[in-house]
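Q: For reference, the structure I am asking about is given below.
The values are calculated or read from the model by the stated rules, or taken from the named source; none is laboratory data. The model shown is predicted, which means the values in this text are computed figures rather than measured ones. Note that we place each Cβ from the backbone using ideal geometry, even for glycine, and neighbour counts take in every protein chain shown. Calculation scope for accessible area: heavy atoms of the full protein, side chains included, ligands and nucleic acids excluded. Shrake-Rupley method; radii C 1.70, N 1.55, O 1.52, S 1.80 Å.
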Amino acid sequence: MDDSQSRAFGKDPSGINPSDSPGETRKPDRLPEITLESERGAGGSDDASDSKVKLVENGRPAPPENQGVESSNTTPTNHHCPPLSPVDTLSTGGLDWLSLSFYGAFEDSYWKLVRDQFEHAKQNAIDENLFDARVDLPSGIRLQVEPTGVGKGTLHCKWMFKYQGLTFKIRDCQSSHVKDRQPPNIFVVVSSLPLMTYGESEIIKLIRLILDLLGYSVERMSPSRVDLCVDLVDVPMSMIENSVKNRCYVSRCRKYNKYFNDQLVETIQFGSKNSKIKARIYNKYVECKHNDVKSNLLRDLRWGKKPDPALGAIRVEFEIMRDHLRDQHSIITYHDLVTKRKSLGRWLTHNWLRLTDREPQPGHSDRVGPSAFWQKVIDAFDSWTGAEIEERSKRNIVGTDISSLISQISGCLSSAIAQKGIFPADFFELESCIMDLITPTYPKLIQAIYEKRIQIEAKFPFTSNGTLTAE
C-alpha cells in the first residue's frame, strides 16, 4: 500500500512487539495494518505522557511526516487507561449521559489529512469494508468511521466515528470560534457504559487526547445535554406510582407519562419529548437485569449489592438541555458544570420536582416538604454532586454471558447434522461431522470474527490488554 493511502496518523510509540501481547487482536495476514510515522503527541502530560512530541518554534507539535511504513498487529496499549485499583468509592449517583460541543480549530497541517483519511474511511464504510473503514492514531487507537453523517443545515456533521463507546461527530469546517458566533465544529456523545467504566475524569482526558492527536485545539468545551441520576436500592416502584397517582408531588412540569411493562408501571416521566428538562423515575434493575455488563458495573459502583428482584433499584434521572443550562444556571462550559453541579442538583430536587407525603394545596406548594423517599433522593444527589470529581481506575468490565450463543450453535449444528441423516456414534464421529460442515466456511468465519471485534472495540470500553473479560 502506498504511504498516501494509509489510514494512520502515527505509529504506536510504545515499542511493544506484537509477539509480546498475548491478548492481541489480529486481522487476517492478507490485510496487514500499515501505519505512518507521526511525531505528534498529546497537548499535556496528563493526556499522553508517553507520546512522542517534536516541538517547532511556536511550541506546537509538528505535523505528521511520511517516513516509511511498517506492519503492526500490536494490541492497543491504552496508555490513556490507568491500571486497575483494588477499590473504587461506592457512589449512589453519577452522570448517565454527557453530550459536549467543541469550539476550536484544526491545525492547517492536519486539516487536509483529517479530511482525506476520514472521507476515505467513510467510503469504505459505505462499501461495508470494515477493515479500512477506520482511522488509526498512535498507541493503537482505532477510530471506527460510520457510513453516514448526521444533522442538518449548518449543523450537519460530515464524519462520525466511534471509539470505546464514545461517538464523535465532525463538521466539514476547519475552525469554529465563539467570538464569531459560529456553531461548534465537533460534537461528542458519551453514554452511561463508558462513563461508569472509565469515570468522568478519564473520559474527559480520553476525549482531549483523541482531539489533540487529530491536530485540534480546543477553545471551548460546552455541555449540550447532561443526565444526572441517583439509584436507590430495594425501593418498590409502586410507592412512587401511588405518590403520583394521589398527586403527592410538586413539579414545574404539568405533564407526566406512565410506561408499563406486563401491566406494571415501570417508568414515570415528567416532561414532554421537546422539554428542556425531563425527569425519569424507573426501575433500573428491571431494565438491565439481562445485561451482565451493566448489572455488574451498577452492583459494584452504585448499588453495593444485587437488589431484591421483587423490589429492584429505583433510578431518579434528570435530563437537562443546553438552553436551560445556559439561560437558567449560567452553565456555559464544562468547567461551569463541574463547579455548579451541586447547586444544579439542589434546584432540580427541591424546585423543579419533589415527591411529598400529602397533596399540596394550590398556591401553597412551598409549605409541603419532601417525602421520606424523596429526602433520600436529595441526600443521594448531595452526596455525589457535593464531592470533588476524583480520578479513579478504569473498571475491568464483565463480558456478556455467551452461554446462550453456545446453545444456539449447538442447536444449529444438531439440526444440520440430523437433516443430513447422519447419526454419530461417539465424540470422534460427531467431531468429524462438525468439521465437514464448518471447515469450508473458515475464510468467511475468520473475516467475520475480526469485523465483529472491530465493532465491539468501537461500541464498548475494553480492558488494558484489549479484551472483554469475565470476572
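Q: Is it the case, given these coordinates, that Lys340 is in contact with a His (Cβ under 7 Å, 6 or more places away or on another chain), open to solvent by 30 Å² or more (accessible area, probe 1.4 Å) and not in a strand (DSSP E or B)?
A: Numbers: in contact with a His (Cβ under 7 Å, 6 or more places away or on another chain): yes; open to solvent by 30 Å² or more (accessible area, probe 1.4 Å): yes; not in a strand (DSSP E or B): yes.
Yes.
Q: Specify the residue that is farthest from Val286 (Cα to Cα); the eligible residues are those in segment 253-272 that are assigned to a loop (DSSP other than H, G, I, E, B) and of a type in the set (D, E, K, R).
A: To start, the set of residues in segment 253-272 that are assigned to a loop (DSSP other than H, G, I, E, B) comprises 253-255, 262-263, 271-272.
This time we only want the ones that are of a type in the set (D, E, K, R), so: 254-255, 262.
Details: Arg254: 27, Lys255: 24, Asp262: 12 Å.
Top of the filtered list is Arg254.
Q: Further question: Can you tell me how many residues in segment 273-313 are charged (D, E, K, R) and not in a loop (DSSP other than H, G, I, E, B)? Working first, answer last.
A: Here is the first cut: in segment 273-313, the ones charged (D, E, K, R) are 273, 276, 278, 280, 284, 287, 289, 292, 294, 299-300, 302, 305-306, 308.
If we keep only those that are not in a loop (DSSP other than H, G, I, E, B) as well, we get 278, 280, 284, 287, 292, 294, 299-300, 302.
The number of residues fulfilling the criteria is 9.
Q: Now, a different point. Among the candidates Gln408, Gln419, which residue alone is open to solvent by 80 Å² or more (accessible area, probe 1.4 Å) and farther than 30 Å from Val293 by Cβ? I'd like the intermediate steps shown before the answer.
A: Working: Gln408 fails: farther than 30 Å from Val293 by Cβ.
That would be Gln419, the only listed residue that is open to solvent by 80 Å² or more (accessible area, probe 1.4 Å) and farther than 30 Å from Val293 by Cβ.
Q: Scan Lys258, Lys306 and give me the residue that is open to solvent by 90 Å² or more (accessible area, probe 1.4 Å) and over 15 Å from Leu95 (Cα atoms). Steps first, answer last, please.
A: Values: Lys258 fails: open to solvent by 90 Å² or more (accessible area, probe 1.4 Å).
Result of the check over Lys258, Lys306: Lys306.
Q: Here's a check for you: in segment 88-130, which residue that is over 22 Å from the mean Cα position of the chain (by Cα) and outside any helix (DSSP H, G or I) is surrounded by the most Cβ atoms within 10 Å (Cβ to Cβ)?
A: Kept after step one, since they are over 22 Å from the mean Cα position of the chain (by Cα), are these residues of segment 88-130: 104-117, 119-120, 123-124, 126-129.
Of the ones still in play, those that are also outside any helix (DSSP H, G or I) are 104-107, 127-129.
Numbers: Gly104: 19, Ala105: 18, Phe106: 22, Glu107: 19, Asp127: 11, Glu128: 9, Asn129: 13.
Among those residues, the one meeting the criterion is Phe106.
Q: For segment 348-376, name all the residues that are closer than 13 Å to Arg247 by Cβ and β-branched (Val, Ile, Thr).
A: Passing the criteria: Thr356, Val368.
Q: Which of the residues belonging to segment 131-144 are in a strand (DSSP E or B) and either in contact with a Gly (Cβ under 6 Å, 6 or more places away or on another chain) or under 18 Å from Gly165 (Cβ atoms) (or both)? Full working, then the answer.
A: First, the residues of segment 131-144 that are in a strand (DSSP E or B): 134-137, 141-144.
Within segment 131-144, Arg134, Val135, Leu137, Ile141, Arg142, Leu143, Gln144 qualify.
Q: Okay, moving on. Is it fair to say Gln328 is surrounded by fewer than 20 Cβ atoms within 10 Å (Cβ to Cβ), polar (S, T, N, Q) and in a loop (DSSP other than H, G, I, E, B)? Step through it out loud before you land on a result.
A: Working: surrounded by fewer than 20 Cβ atoms within 10 Å (Cβ to Cβ): yes; polar (S, T, N, Q): yes; in a loop (DSSP other than H, G, I, E, B): no.
Answer is no for this residue.
Q: Still on this structure, I have one more. Could you count how many residues in segment 276-302 are charged (D, E, K, R), in contact (Cβ under 8 Å) with a residue 60 or more places away in the chain and either farther than 13 Å from Arg315 by Cα or open to solvent by 30 Å² or more (accessible area, probe 1.4 Å) (or both)?
A: Residues of segment 276-302 that are charged (D, E, K, R), as a first pass: 276, 278, 280, 284, 287, 289, 292, 294, 299-300, 302.
From what's left, in contact (Cβ under 8 Å) with a residue 60 or more places away in the chain: 292, 294, 300, 302.
Narrowing the set further to residues that are either farther than 13 Å from Arg315 by Cα or open to solvent by 30 Å² or more (accessible area, probe 1.4 Å) (or both) leaves 292, 294, 300.
Selection size over segment 276-302: 3.
Q: List the pairs whose first member sits in segment 310-332 and is in contact (Cβ under 8 Å) with a residue 40 or more places away in the chain, whose second member is part of a helix (DSSP H, G or I) and among the hydroxyl-bearing types (Ser, Thr, Tyr), and whose Cβ atoms are under 7 Å apart, counting only residues at least 6 apart or on separate chains?
A: Gly312/Tyr285; Ala313/Tyr285
Q: Are there helices (runs of 4 or more DSSP H) fully within segment 145-250 with at least 1 residues that are modelled with pLDDT of 90 or more and β-branched (Val, Ile, Thr)? List them.
A: Numbers: elements: 192-198, 200-213, 237-245.
Once the helices (runs of 4 or more DSSP H) in segment 145-250 are filtered for at least 1 residues that are modelled with pLDDT of 90 or more and β-branched (Val, Ile, Thr), what remains is 200-213, 237-245.
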